[in-house]
Amino acid sequence: MIVKSKLKAFSKEFQLSKAVETDLVKIYRSESITRQPLSSVRPKYKKRRSVGGPTALVFSGGGNKGAAQIGMLQALIEYGFRFDFLVGCSVGALNAAGFANNPTLQGVSDLKDLWLSLKTEDVFSSSSLFGGIRFAEKRRSVYSNSGLKHIINSMLAKVKFEDLKLPLYVGATSFNTGDEVWFDSGDLMYPLLASTALPGIFPPITIDNMNLVDGGVLNDAPISKALELGATSIFLLSCNTVEINKPLPDRPIETIIESFGVAIAARLKRELNNLPEGIEVLVGEFAGPYNLNWKDFSHTDQLIRRSYEEMSRFLRKNYDSLTDENSN
């Protein structure tokens, strides 16, 4: 694992990782920051710093790869890290909502059990007609969102934003205006369905006369929203790492989804390399397995385990540098 920084003493060429063994957790700092702990982090048994703004935990999109966020999250909570608010888009919004409802190791365990129980047909309704014909039909989406509704109800039945233990901000995309739309109050169900409405795959959601689709269309890794909300320390759980030299997909829909991921990674790269003054971001990246089919949930255990191992390895090596007692 390599800690990456924009400080001169720690500078390295930006490179998205392919190998599981290297570069899967990185730290980015704006140029003015000196070598110091992540501000506002509250590690177990250590005092919170008295300077700096809030700490945000940000969950990216990533479809079935979102299981990896559970492993990263488990490692962070085991090491005692705490957060002031959560931001999520797409599948990351679902994970963030579940954790915001119970921000403890038990809450993480509940999310893990939910992910391990999922099968393809639980998310994507089965049909013998799936294929090119369904994309050509006059319809809003290839699949209904009935599976997503059931998943949300299973962990957050009748829960509102105001009931959550931690503040949560859920992002969607307005199909009408092309703007980001953020939710932080009221019912959780429809904002979560909007945030996960992958265009063409799940139907758009209408809220307040706005037709909304997946939040990841505009801001899949929404560190910009965390910054807008005043965070000076950000933990990003990312699931859209670009695989270097990956072969072209075999199917058109897979090419579309993979290209979407390339655009997402490019925006994140620009934002991380142009952080405002006084900001620090820890990024945990997807640790594989790679070449997953977008509907394949058979590798969930492996996804969770690998991401947990990588984040734990990073924290074992760098925990002291992230905590208050070692501030320079």
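The values are calculated or read from the model by the stated rules, or taken from the named source; none is laboratory data. All figures in this text were calculated on a predicted structure; none of them were measured in a lab. Note that we place each Cβ from the backbone using ideal geometry, even for glycine, and neighbour counts take in every protein chain shown. We work out accessible area using only protein heavy atoms, side chains counted, and drop any ligands, DNA or RNA first. Shrake-Rupley method; radii C 1.70, N 1.55, O 1.52, S 1.80 Å.
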Enumeration of residues in the stretch 276-289 that are in contact (Cβ under 8 Å) with a residue 40 or more places away in the chain and either over 29 Å from G230 (Cα atoms) or open to solvent by less than 20 Å² (accessible area, probe 1.4 Å) (or both): I279, E280, V281, L282, V283, G284, E285, F286, A287, G288
Test: E325 is open to solvent by 60 Å² or more (accessible area, probe 1.4 Å) and at pLDDT below 75: yes
I201, sole failed condition from (1) within 27 Å of K26 (Cα to Cα); (2) surrounded by 17 or more Cβ atoms within 10 Å (Cβ to Cβ): (1)
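Yes/no per residue for (1) open to solvent by less than 10 Å² (accessible area, probe 1.4 Å); (2) of a type in the set (F, W, Y); (3) modelled with pLDDT under 95:
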position: R48; (1), (2), (3): no, no, yes
position: P54; (1), (2), (3): no, no, yes
position: V58; (1), (2), (3): yes, no, no
position: K65; (1), (2), (3): no, no, yes
position: L73; (1), (2), (3): yes, no, no
position: R82; (1), (2), (3): no, no, yes
position: V91; (1), (2), (3): no, no, no
position: A97; (1), (2), (3): yes, no, no
position: L116; (1), (2), (3): no, no, no
Pairs where the first residue, in the stretch 290-312, is open to solvent by 30 Å² or more (accessible area, probe 1.4 Å) and the second is not in a helix (DSSP H, G or I) and not β-branched (V, I, T), C-beta under 6 Å, 6+ apart: Y290/E243; K295/F124; H299/P289; Q302/P289; R306/A287; R306/G288
Within the stretch 193-212, considering residues that are of a type in the set (G, A, S) and assigned to a loop (DSSP other than H, G, I, E, B), the one nearest to D179 (Cα to Cα): A197
Residue tally, condition under 19 Å from R305 (Cα atoms) and either in a helix (DSSP H, G or I) or without any contact (Cβ under 8 Å) to a residue 12 or more places away in the chain (or both), over the stretch 99-113: 10
Only one of T300, T232 that is under 19 Å from the mean Cα position of the chain (by Cα), more than 22 Å from L168 (Cβ to Cβ) and among the β-branched types (V, I, T): T300
First in the stretch 161-172 and open to solvent by 20 Å² or more (accessible area, probe 1.4 Å) and part of a strand (DSSP E or B), second anywhere and among the acidic types (D, E) and at pLDDT 95 or above, Cβ under 9 Å, 6 or more apart: Y169/D184
